[in-house]
1. Quick one: putting +1 on the C-beta of Lys and Arg, -1 on the C-beta of Asp and Glu, what dipole do you get for segment A:19-149 around its Cα centre, in Debye to the nearest 20?
2. On full extension of the chain, what length is gained from B:D33 through B:R126, given 0.36 nm per residue of separation minus the C-alpha to C-alpha distance?
3. Using θ = phi - 60° and the Karplus relation 6.51 cos²θ - 1.76 cosθ + 1.60, list the HN-Hα couplings for segment B:91-96 in order, rounded to whole Hz, with x at every Gly or Pro.
4. Within 10 Å of each Cβ of A:64-73, how many other protein chain Cβ atoms are there on average?
5. Sorted by mean Cβ packing within 10 Å, highest first, what order do the peptides A:106-114, B:33-41 take?
6. Would you grab the residues whose amide H sits under 5 Å from the one on A:L28? Only those 5+ places off in sequence or on another chain, please, with H modelled 1.01 Å from N.
7. Roughly how crowded by other chains is peptide B:97-109, in terms of the mean Cβ count from those chains within 10 Å of each of its Cβ atoms?
8. Once you sort the root eigenvalues of the Cα gyration tensor of segment A:19-149 as a ≥ b ≥ c, which label holds: rounded (a/c under 1.5), prolate (a/b larger than b/c) or oblate (the other case)?
Amino acid sequence: MAVGWMAGSLLAQDARAPIESDWAEMDLKGGAYHYVGNVRVNVPGLLKLTCGDLLAQPQKENNRLESLVATTNVVIEIVRLGRPGAAPVVIRAYGDKAVYTATNEVVTLSGGDTRVVAPQGTMRGTEVIYDVATGRVRATGHQVTELNPEMFRTSGLFRRTTNAPAAGGGSKP
Amino acid sequence: MVGLLGGLLAGIVLAQGPATSVVRNWAFTLQKDGRTQGRFKGGVATPVGGLRAFDVEDFHVDTFRADGELDLTAESPACRVYLTNDSFIVTSPGALKVVQAEGRFELSGEGFYWDQGAQRLVISNRVKTLLAIPLPGGDRSK
């Protein structure tokens, strides 16, 4: 076969997103791609996504990717660089639907059990918006945030004296 | 027009003998409205049910955009090519590999239905795609 499969001809300024699925349909004129069944996207060091259904839509003017719409059991794992010398930070997001818009680099998660799990804590809401460029997460409407207690271990914020007897102490008979 | 495609294939077949003959190492160009739509070549082509369908081995096609630039290159080790009134359909339970010339995508899979007239490609099993996605923080002006 003469076709250079995975030959590295993709645009240099783009990430190469390997997408695997059971079934797919391509609109060769409009440039839309529809993946169904066990959809897996893996951009090493940047992004992993699994879902049941994924629709990729291009920009009309230049045919480059405009948006990704993932539905059915969406799980997104985003890797961000941590502090210098520290391990990368992994952020996981769960929802019924996720929409990634390439032009503003925003992921909007929605659905019944939408949540974003980061080392700092978990944010739950009916709609959670994650800005890929800045790393900021915000929720619209009712939302609940659970902070990781480890964040306060060295803060002194909750350090206080108690009435508990000292170790080994107690009254003599 | 696609008549050229049919005519060329038919001509190739007829030139080799009866319409049921097997043709080897064939090639032809599909033209429509005065421009090249595709260049086809293959190993063995066997007419199926007349001259509107062919079982093809080592199928290779290059398709071209309206501006004449190369668009897609596709290959399949074995498939059936149907000639329609104004285009063609390629289908197979076997493998397909497609590369988009500008690098927007590359894909492979098994079991496919490609309707060039409708510009629609369906792959039924084990789909693998490399899709170009703009990097976060990258140049969005392109």
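1. Dipole size: approximately 460 debye.
2. Values: separation 93, 0.36 × 93 = 33.48 nm, distance 3.66 nm.
Extra length available between B:D33 and B:R126 comes to 29.8 nm.
3. 9, 6, x, x, 7, 9
4. 2
5. Top of the packing list down: A:106-114, B:33-41.
6. It is B:R120, B:L121, by chain and number.
7. The shielding value for this peptide is 6.
8. prolate
No value in this document is a laboratory result; all are computed from the given coordinates. Just so it is clear, the model here is predicted, and its values are computed rather than measured. Please note: Cβ atoms are built from the backbone with ideal geometry, for glycine as well, and neighbour counts cover all protein chains shown.
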